Amino acid sequence: MKKLYIICLAILTGISFAFAKDVRLGVPPKSLDKYYPPNSEKYEYLMNMYKASISFTGLSTSLREQDWKRAEKWAESLKNAYLKIGELVPEWDKVLRKKEANALVKAVKERNIRQIQFFANAVGRTCSKCHERYMASTKLLYHFPDFDTVTLEDPITGTDYEVADYMAKMTTSFKLLNVYMSDGLTKKAKKAGMNFVKRLKGLTQMCSECHTNKLSEEIYFGKQFNQKVKELETAIKNLDGKKISQTFAWINMNNCSKCHNVHEVPTMIREKIKKKQK
């Protein structure tokens with residue numbers, strides 16, 4: 001029994017693809033596109049991965065409990081899910097250890113502990129290596145929000161802009177506020193400042209698409225935020241440089257920076273992966 005338990009642990013170690021030590025941002029095959037939105041809402045590839053993972057757990061558990069009938073069932077399920085990877089993504093078919101997957105089923109049927117360990121680890125290593133290279137990039141590509149599909153209506157011009165262009169216009173408005181204040185051009189400074197405020201408020205068009213519950217709305221666009229925006233508007237009208245700086249610093253730390261920390265870096269990496277994928 002103790003020996004069987006050790007074997008089960010070895011099998012689980014071989015398939016620990018979610019906790020691989022090295023993370024390599026490989027570029028996933030373009031053929032994965034068809035299994036994720038907007039091409040598909042069924043997540044066929046991901047569902048097959050879940051099936052493989054559950055089957056491995058079922059196999060190791062059955063072996064630990066010395067229930068060979070169940071072990072055969074889960075070994076067969078694992079083999080089918082594993083081989084289906086090549087059907088779903090032809091580019092990955094050549095790296096699959098097909099003989100070993102079939103041999104694993106045979107070893108379970110024959111109750112050959114040593115061969116079970118050997119073939120389970122052989123199959124598990126291919127899963128681990130693939131996850132080391134592609135899991136992070138696949139999550140960024142297919143699970144991370146795609147801002148490329150989002151447009152924002154500019155409250156100043158009425159034109160629809162992509163997120164990056166909208167952000168550029170908003171930040172330019174704030175820079176112009178500082179430039180015109182420094183140059184003593186008060187009318188232009190106030191206009192630029194108010195343009196920034198209007199564009200800042202306009203961001204709710206985008207954020208509210210995902211942050212739909214009242215709690216998240218309160219955190220990002222609640223009473224505190226609205227109060228600070230009003231303070232900023234007043235400071236701009238008065239061209240109170242100190243108050244503008246203080247209020248903007250609060251908005252930046254409590255709103256802008258938090259959103260950027262969550263969304264900006266993953267988006268930058270995602271864009272690079274997409275370019276390489278083409």
Condition set surrounded by 14 or more Cβ atoms within 10 Å (Cβ to Cβ) and either β-branched (Val, Ile, Thr) or not assigned by TED's automatic domain parsing to the domain that holds residue 208 (or both), scope segment 151-170, selection nearest to the chain's Cα centre (by Cα): answer is 163
Q.
Can you say whether residue 243 is surrounded by 15 or more Cβ atoms within 10 Å (Cβ to Cβ), more than 19 Å from the chain's Cα centre (by Cα) and among the charged types (D, E, K, R), as far as the supplied structure shows?
A. yes
If we ask which residues in segment 181-226 are part of a helix (DSSP H, G or I) and surrounded by 12 or more Cβ atoms within 10 Å (Cβ to Cβ), their number turns out to be 28
The correct count of residues that are more than 19 Å from residue 126 (Cβ to Cβ) and in a helix (DSSP H, G or I) in segment 59-82 is 10
Scanning segment 232-262 for residues that are β-branched (Val, Ile, Thr) and at pLDDT below 95, the one farthest from residue 164 (Cα to Cα) turns out to be 251
### Message
Is it the case, given these coordinates, that residue 121 is touching a Leu at 6+ places or on another chain (Cβ under 9 Å), more than 16 Å from residue 48 (Cα to Cα), of a type in the set (S, T, N, Q) and surrounded by fewer than 21 Cβ atoms within 10 Å (Cβ to Cβ)?
### Response
no
Among the residues in segment 251-274, are any surrounded by 13 or more Cβ atoms within 10 Å (Cβ to Cβ), more than 23 Å from the chain's Cα centre (by Cα) and closer than 30 Å to residue 186 by Cα? yes
Scanning segment 129-143 residue by residue, those farther than 10 Å from residue 26 by Cα and over 8 Å from the mean Cα position of the chain (by Cα) turn out to be 129
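The values are calculated or read from the model by the stated rules, or taken from the named source; none is laboratory data. Just so it is clear, the model here is predicted, and its values are computed rather than measured. Using ideal geometry, Cβ is built from the backbone for each residue, glycine included, and neighbour counts are taken over all protein chains shown.
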